[in-house]
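Structure, as structure tokens:
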Amino acid sequence: MAAEKTIERKLVQAVHLMGGLALKFVSPGLDGVPDRVVLLPGGKAAFVELKAPGKKMRPLQVRRKNQIEALGFSVYCIDRPEQIGGVLNEIQSS
């Protein structure tokens, strides 16, 4: 099974191959924010929370996801490398 860091590395590589950036997202003083901000060509942006396989977001992370989505941004949770392509396609086509 792939560890969270391995999945994160694969996401960063896949975004780079699409000509985008997968920036580490840290918000001092605000816990529970997603791990990465994915920026793709054409002004496409979304947030991504990465988890080890089978792990779920903590309640605070779910609350932050809901807050961000209420502002009109997409937030994805990836816990398997196989999900990366589909998530990036969805972001690109949004």
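Within segment 24-61, how many residues turn out to be open to solvent by 80 Å² or more (accessible area, probe 1.4 Å) and either of a type outside the set (D, E) or outside any loop (DSSP other than H, G, I, E, B) (or both)? Summing the residues that are open to solvent by 80 Å² or more (accessible area, probe 1.4 Å) and either of a type outside the set (D, E) or outside any loop (DSSP other than H, G, I, E, B) (or both) in segment 24-61 gives 8. Here's a check for you: in segment 62-83, which residue that is part of a loop (DSSP other than H, G, I, E, B) and open to solvent by 80 Å² or more (accessible area, probe 1.4 Å) is nearest to E8 (Cα to Cα)? Result: R80.
Restricting attention to segment 1-23, the residues that are over 23 Å from G72 (Cβ atoms), open to solvent by less than 50 Å² (accessible area, probe 1.4 Å) and not in a helix (DSSP H, G or I) total 1.
Based on what the data block shows, is K55 free of Cβ contacts under 8 Å to residues at least 60 places away in the same chain, within 23 Å of A2 (Cβ to Cβ) and over 14 Å from the mean Cα position of the chain (by Cα)? Yes.
The values are calculated or read from the model by the stated rules, or taken from the named source; none is laboratory data. Note that this is a predicted model, so its numbers are computed, not measured. No Cβ is skipped: glycine too gets one built from the backbone with ideal geometry, and neighbour counts run over all protein chains shown. Each accessible area value is taken on the protein alone, full model and side chains, heavy atoms only, with ligands, DNA and RNA left out. Shrake-Rupley method; radii C 1.70, N 1.55, O 1.52, S 1.80 Å.
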